[in-house]
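The values are calculated or read from the model by the stated rules, or taken from the named source; none is laboratory data. Everything numeric here is computed off the predicted structure, so don't read it as measured data. Every residue, glycine among them, receives a Cβ derived from its backbone with ideal geometry; neighbour counts consider all protein chains shown.
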Amino acid sequence: MATACSRPPAGCARWTLELLAEEFVTLTEHDSLSRETVRRRLTENDLKPWRRTMWCIPKVDADYVARMEDVLDLYAEAPDPKRPVVCFDESPTQLIGEVRAPIPAEPGRPERYDCEYKRNGTANLFVFLDVNRPWRHVKVTDRRAGEDFAGCMRDLVDIHFPDAERIRVVMDNLSTHSPAALYQALPAPEARRLLRRLEFHYTPKHASWLNMVELEIGILRSQCLDRRIENRQSLVAEVDAWQMRRNASGARINWMFSTDKARTKMARAYPTPTTKES
């Protein structure tokens, strides 16, 4: 089984049953080995060496832990309408049109659409999610530049949470997600006014799973965007209908991971303190 978990021979992208059979014959005293024998042995050990999974492998250091626990503690706080916690992120989406009109579904036959399509550019979705209320908002823009980020933060302060004293915003480390972006896009007095009401909390690098809004974006894609949407106007209408229905349903993200669980499950990854407690 160690062979099946090792790198395949030169010139081969992955192990196959035939390659493994040949390798086992070379390494053992067997004259031959069938594909079926190899398959059974792999099945017994729950191995599929021809499969690979792409994964983002983070570097868990003190900075990672500090940011992770900061975000998790925010999620664990009791709800405070004056100091809401809002998760924020953006996601690009393609605008794809039909070349030929789809054929509607009939009894016993699903809808059919042509494999050919036309690209109509892209749009960007800025997504807001209230951690403690069944509320989310999606803003469709043409791009995701610093000016667009500044506009989203102004919407957060002036439109979505006008009565909040301070809005805690959880987001990733994208270069435009910074106080500087507001000063670049807006006059200094306006940027300062907004920043007095905002408090940014950043997830660790390569740790988007800590941002609740990533789960919401996945739901948005599966429930609303998993189809061809031709233009920006249709995209805005469809996204608005989705968020209205989801907000009205009272749907929320049921977050279960906490700082205590992180210290237990990720204990090996935590950095070793350089000083001992007295």
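Couple of notes before you dig in:
- Within region 74-94, considering residues that are over 20 Å from the mean Cα position of the chain (by Cα) and in contact (Cβ under 8 Å) with a residue 60 or more places away in the chain, the one surrounded by the most Cβ atoms within 10 Å (Cβ to Cβ): Pro84
- Output for region 31-50, where each listed residue is part of a helix (DSSP H, G or I) and among the hydroxyl-bearing types (Ser, Thr, Tyr): Thr37, Thr43
- Evaluation of Val239 against (1) farther than 25 Å from Arg166 by Cβ; (2) touching a Ser or Thr at 6+ places or on another chain (Cβ under 9 Å); (3) in contact (Cβ under 8 Å) with a residue 60 or more places away in the chain; (4) not small (Gly, Ala, Ser) (one fails), failing number: (2)
- Test result for Ser222, surrounded by fewer than 13 Cβ atoms within 10 Å (Cβ to Cβ), of a type in the set (Ser, Thr, Tyr) and in the same structural domain as Gly121 (by TED's automatic domain parsing): yes
- If you check Ala62, Ala76, Ala101 for being in contact with a Pro (Cβ under 7 Å, 6 or more places away or on another chain) and of a type outside the set (Lys, Arg), only one passes: Ala62.
- Long-range neighbours under 9 Å by Cβ, at least six apart or interchain, first residue in contact (Cβ under 8 Å) with a residue 60 or more places away in the chain and surrounded by 10 or more Cβ atoms within 10 Å (Cβ to Cβ) within region 260-274, second outside any helix (DSSP H, G or I) and among the hydroxyl-bearing types (Ser, Thr, Tyr): Ala262/Tyr270
- Matching helices (runs of 4 or more DSSP H) fully within region 212-278 where at least 3 residues are closer than 27 Å to Tyr117 by Cβ and over 22 Å from the mean Cα position of the chain (by Cα): 232-248
- For region 18-41, the count of residues that are under 30 Å from Arg227 (Cα atoms) and either surrounded by 11 or more Cβ atoms within 10 Å (Cβ to Cβ) or in contact with a helix residue (DSSP H, G or I) (Cβ under 7 Å, 6 or more places away or on another chain) (or both) is zero.
- Residue match in region 52-61 (condition: in contact with a strand residue (DSSP E or B) (Cβ under 9 Å, 6 or more places away or on another chain) and in contact (Cβ under 8 Å) with a residue 24 or more places away in the chain): no
- Among the candidates Asp163, Asp114, Asp158, residue that is touching a residue at least 40 places away in the same chain (Cβ under 8 Å) and over 19 Å from Glu216 (Cβ atoms): Asp163
- Any hit, region 257-272, residues being at pLDDT 95 or above, closer than 27 Å to Asn132 by Cβ and either in contact with a strand residue (DSSP E or B) (Cβ under 9 Å, 6 or more places away or on another chain) or aromatic (Phe, Trp, Tyr) (or both): no
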